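Worksheet for the structure shown next.
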Amino acid sequence: MATAGSSLTIASSFSEPRTQIRTSKRSNLPLQFSIPYKADSRRRSRRLGLVVSSVSAPKVELRTGPDDLISSLLSKVANSDGGVTLSPEQHKEVSQVAGELQKYCVSEPVKCPLIFGDWDVVYCSRPTSPGGGYRSVIGRLFFRTKEMIQGIDSPDIVRNKVSFTAFGFLDGDVSLTGKLKVLDSEWVQVIFDPPELKVGSLEFKYGFESEVKLRITYIDEKLRLGLGSRGSLFVFRRRQ
């Protein structure tokens, strides 16, 4: 870390005023001697003080812990419709904080029992990653997302659900149930059954099986970060 600094040049010598004292009697050699001027020492000290004060103190690097990073991250994604309303610059800021937070991740997070439970999907860098077409630009015109939830049940069941209001008056949701497989100390794979759609009194399955791979980059009691194989960043917050 570079330190800013400046310097003042100080003269190497100071001229000392000399006071002459003469006797009232005449003398062939006038009596003359010098008395050091005490003000000089004070002036010298003041100038030296200016030099010290002119050198800026080095910047102190403040270390940020995981709690501060979590608070910052959640504040950046709050009220963003899962990240939809954020600008490219704001997405970049979220990514930077997530990158700092993953430095505090436990070793072998896939083995951490904290992954189990119900989580709110509060952010995704790609809107269509959770919810598919229902979260696309056109889909959001007809389906207003209410909540996105991921549940992980021991030992290996994953439940994804996106709840929405269709056409402004019909409540519904689309859900996926899959089986989790551990690939290594950080990566997991989930193979989902065909999605199930509920709108009003209608309920049916459609489509095909799907597969996702996710790297767990951070996990604690209240927050989990995931990075998809295609680069999507997920922020999960434990449901209260």
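The values are calculated or read from the model by the stated rules, or taken from the named source; none is laboratory data. Bear in mind that the values here come from a model prediction, so they are computed numbers and not experimental data. Heads up, the Cβs are rebuilt from the backbone with ideal geometry, glycines too, and the neighbour counts pull from every protein chain shown. Heads up: the accessible areas ignore ligands, DNA and RNA and are worked out on the full protein's heavy atoms, side chains in. Shrake-Rupley method; radii C 1.70, N 1.55, O 1.52, S 1.80 Å.
Here are the numbers for the structure shown:
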{"quantity": "Unit charges on C-beta of K, R, D, E only; dipole of segment 92-144, Debye", "calculated": "280 debye"}
{"quantity": "Length gained when the stretch Glu196-Lys179 is fully extended (0.36 nm per residue, less Cα-Cα span)", "calculated": "4.6 nm"}
{"quantity": "Length gained when the stretch Glu209-Glu100 is fully extended (0.36 nm per residue, less Cα-Cα span)", "calculated": "35.8 nm"}
{"quantity": "FRET efficiency estimate (nearest 0.05) - Cβ-Cβ, Glu147 to Ser72, R0 22 angstrom", "calculated": "0.45"}
{"quantity": "Carbon + sulfur, % of accessible area of segment 66-238 - ligands and nucleic acids excluded, 1.4 Å", "calculated": "53 percent"}
{"quantity": "Size of electric dipole in segment 86-240: Cβ of Lys, Arg +1 and of Asp, Glu -1, about Cα centre, debye, nearest 20", "calculated": "260 debye"}
{"quantity": "Cβ-defined net charge surrounding Ser185, 13 Å radius [Lys, Arg +1; Asp, Glu -1]", "calculated": "-1"}
{"quantity": "Cβ-derived FRET efficiency at R0 45 Å, Asp156 paired with Ser87, nearest 0.05", "calculated": "0.75"}
{"quantity": "Calculated P(r) of segment 173-240 - Cα pairs past 19 Å, %", "calculated": "48 percent"}
{"quantity": "Distance violations [Cα-Cα > 28 Å] among Lys92/Lys181; Lys103/Lys181; Lys92/Lys198; Lys111/Lys146", "calculated": "Lys92/Lys181; Lys92/Lys198; Lys111/Lys146"}
{"quantity": "Label-point gap, in nm, between Asn79 and Ile138 - each point 7 angstrom along Cα→Cβ", "calculated": "3.2 nm"}
